[in-house]
Amino acid sequence: MDNNDIYREEIMEHYRNPQNFGVMKNPTYEAEAVNPLCGDKIRLQLKVNKKGVVEKVRFSGSGCALSVASSSQFTEWMVGKTVKKLKSTGPDQIQELMRAKIGPARLPCMLLSLYALQKAVAGE
Amino acid sequence: MIPKIRNQFPIFQKRGLKPLAYLDNAATTQKPATVIEAMDKFYRSQNAPVHRGVYALAEGATAAYEKVRDQVKEFVNAKHREEIIFTSGATESINVVVAGLSEAFLKRGDRILLSDMEHHAMIVPWQAAARLQVSTIDRSTARKKLKLDFVPLNSEGRIDIGAFKKLLAKHKPKFVGVTHVSNVLGTENPVREMISLAHKAGALVLVDAAQSIAHGAVDVQALGCDFLAFSGHKMYGPTGIGVLYGKKELLEKLPPHKFGGHMIAEVTRTKTTYAPLPEKFEGGTPPVAEVIGLGAAISFLQSIGLNNIAKYEGSLTAYALRALKNVPGLALLGPATTKARAPIFSFTIKGIHAHDIATLLDREGIAVRAGHHCAQILHESLSLDASVRASLCIYNTAEEVDRLVSALVTIQRKFQ
């Protein structure tokens with residue numbers, strides 16, 4: 001199968017066993033994002049230390065394989081990054097992590113956790 | 001018979017490893033060559049403004065345009081040709097009725113009865129009218145409050161007729177809006193019986209025939225409906241054209257919704273009188289080529305025969321209902337038997353999101369719809385966010401159903 005396939009086994013594994021899935025108490029930042037295509041909702045929480053570095057990330061909600069797998073990979077990537085870095089993060093980062101080409105109709109699915117992140121750190 | 005019909009559709013001529021299995025016909029159907037060619041021919045050799053030009057070309061265009069009105073009149077068995085109004089589609093047809101009734105017929109506090117399986121095109125105009133219309137009857141400038149009630153469905157996905165009777169008796173609604181065939185469940189509603197019950201209770205009835213018009217004979221006089229709406233593009237015709245049928249005496253009283261050229265009798269600085277039917281509702285230059293295309297689509301349907309279409313689609317429905325049972329974890333929405341059922345199959349598969357299913361089916365050349373299909377109230381009543389919908393029509397085959405089922409089995413395995 002194509003290495004850039006959005007449903008390749010590596011991505012399906014993230015869907016079956018998503019990393020950082022759950023809810024934490026007392027997050028530093030949190031936000032929700034809704035996919036207008038299907039109404040799927042994701043809640044993203046971040047715990048940030050005094051130096052502005054992300055220590056812990058959690059996401060929750062229900063979604064399709066693309067939104068869950070990309071949230072799983074993207075939240076893994078966030079840990080250890082500074083808030084400043086996260087604020088300047090765009091769609092390219094998720095594309096790179098997912099290593100997948102995706103059409104415009106399903107792009108919002110893949111970018112759902114990015115939308116939540118942008119909302120969460122918007123005020124900073 | 002089916003290969004011969006299928007060959008009339010240019011979009012299916014492309015061959016390949018994964019030929020197009022187009023199963024999104026409840027959204028829009030493909031177009032036969034006769035429809036495409038009729039519109040092409042009009043633009044190449046007949047194009048002119050209708051109703052006003054005195055030259056031969058314009059007279060020809062007008063005659064062709066008005067001939068389709070006669071064709072539609074025969075097609076739905078209306079009593080008068082002026083009962084056929086050309087609109088941009090079923091959505092506009094419904095909006096004309098809702099706006100006109102709420103302006104000139106309805107008073108504050110009047111009740112409107114819809115069903116839980118209605119398309120947003122029936123629900124949203126009424127919600128807007130219920131809040132915002134200003135009445136010309138009681139001259140109130142305050143916001144008009146109409147009350148909307150919804151008939152629930154039974155466990156099989158059919159309208160609960162007992163509940164319908166009770167709601168008619170309890171609320172004495174002034175209007176009943178009901179879909180002929182559900183665009184999600186495939187349920188064919190007993191509209192004839194419902195219209196008769198509604199009339200006895202004093203309500204006017206609008207039937208949304210968008211999902212039924214291309215799948216069996218629709219006879220407005222036999223049904224007895226006051227209004228009927230449908231779109232051209234769901235019956236093998238072009239987009240941008242639809243029909244509103246209304247009883248003459250009601251359309252004559254209904255105020256127009258679109259103001260401008262052609263819909264007038266006389267315009268002075270102080271006042272305008274409106275044209276008689278059907279012009280009153282057809283302000284502006286109409287979509288002439290689309291009307292011509294609609295005429296060709298009706299001819300296409302009649303060349304096969306509506307009863308033959310219903311018969312073939314019935315056998316396809318029976319086949320699909322059996323075949324879909326072979327997909328583990330598949331839950332079908334709507335009736336599990338062929339009785340009063342259109343070939344529309346919405347479903348969920350346990351543990352797999354509808355959009356993932358649709359994307360993976362697309363890779364096999366199978367086009368389906370995923371989402372709430374403009375029926376969010378229905379999905380909410382079923383406690384679902386989204387479903388996958390495969391909707392079939394006259395050019396679909398049992399082989400395509402097999403391809404769907406086999407692809408779904410593969411997808412189901414992949415997600416385990």
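If you wrap the tightest convex hull around every Cα atom of the stretch B:1-152 and split its volume per residue, you get 205 Å³.
Output the Kirkwood hydrodynamic radius of the stretch B:272-396, Cα pairs only, in Å rounded to one decimal. List each step's numbers first, then the result.
Values: mean 1/r = 0.0565 Å⁻¹.
About 17.7 Å, per the Kirkwood formula over Cα pairs.
Excluding ligands, DNA and RNA and using a 1.4 Å probe, chains B and A jointly bury around 1200 Å² of accessible surface, summed across both partners.
The alpha-carbon atoms of the stretch A:1-47 define a convex hull whose volume equals 113 cubic angstrom per residue.
Take every Cα pair under 8 Å whose residues are at least 6 apart in sequence, average their separation, divide by the length of chain A, and the relative contact order is 31 percent.
Value of Rg to Rh for the protein assembly as shown, rounded to two decimals, is 1.02; Kirkwood radius and Rg both from alpha-carbon coordinates. Determine the share of the protein assembly as shown's accessible area contributed by carbon and sulfur atoms, expressed in whole percent, with a 1.4 angstrom probe. C and S fraction of accessible area: 53 percent. Each listed q (0.21, 0.22, 0.28, 0.29 Å⁻¹) maps to a log10 I(q)/I(0) for the stretch B:8-65, found by the Debye formula over equal Cα scatterers with no solvent: -0.82, -0.85, -1.08, -1.11. Checking buried surface per residue: for the stretch B:343-374, which residues lose a minimum of 40 Å² accessible area in the protein assembly relative to the chain alone (1.4 Å probe)? Output list: B:353, B:355, B:356, B:359, B:363. The alpha carbons of the stretch B:338-383 occupy a box of 31, 24, 20 Å along the principal axes, longest dimension given first.
Straight-line cross-link partners of residue A:84 among the lysines, defined as a Cα under 30 Å from its Cα and at least 8 positions apart when in the same chain: A:25, A:41, A:47, A:50, A:51, A:56, A:101, A:119. Straight-line cross-link reach from residue B:31 at under 25 Å between alpha-carbon atoms covers these lysines, not counting any fewer than eight positions away in the same chain: B:4, B:14, B:18, B:41, B:67, B:73, B:234, B:311. The H on the amide N of residue A:38, modeled in the peptide plane, is under 5 Å from the matching H of no residue at least 5 residues off or on a different chain. Expressed as a whole percent, how much of the Cα-Cα distance distribution for the stretch B:38-301 exceeds 30 Å? Here the long-distance tail beyond 30 Å is 29 percent of all Cα pairs in the stretch B:38-301.
Can you give the relative contact order of the stretch B:38-301 as a percent, counting alpha carbon pairs under 8 Å and 6+ residues apart? Working shown, then result.
Details: 506 pairs, mean separation 62.0, N = 264.
Computed over the stretch B:38-301, the figure is 23 percent.
Divide the volume of the convex hull around the Cα atoms of the stretch B:166-285 by the residue count and you get 132 Å³ per residue. Straight-line reach from residue B:170: taking Cα to Cα under 29 Å and skipping same-chain neighbours fewer than 8 places apart, the lysines in range are B:107, B:144, B:145, B:147, B:200, B:247, B:253.
Our coupling estimate for the stretch B:324-333, obtained by passing each phi through the Karplus curve with A = 6.51, B = -1.76, C = 1.60 and θ = phi - 60°, is 5, 5, 7, 9, x, x, 7, 10, 7, 8 Hz, Gly and Pro reported as x.
Taking only the alpha carbons of the stretch A:9-120, we obtain Rg and Dmax values of 12.9, 40 Å in that order.
Please report the relative contact order for the stretch B:161-319, taking Cα pairs under 8 Å with a sequence separation of at least 6, and give it as a percent rounded to a whole number. Intermediate results must be reported in sequence, preceding the final value.
Working: 216 pairs, mean separation 27.5, N = 159.
It comes to 17 percent, rounded to a whole number.
The values are calculated or read from the model by the stated rules, or taken from the named source; none is laboratory data. Please read these numbers as outputs of a predicted model, since none were measured by experiment. Keep in mind that these areas ignore ligands, DNA and RNA; they rest on the heavy atoms of the full protein, side chains included. Shrake-Rupley method; radii C 1.70, N 1.55, O 1.52, S 1.80 Å.
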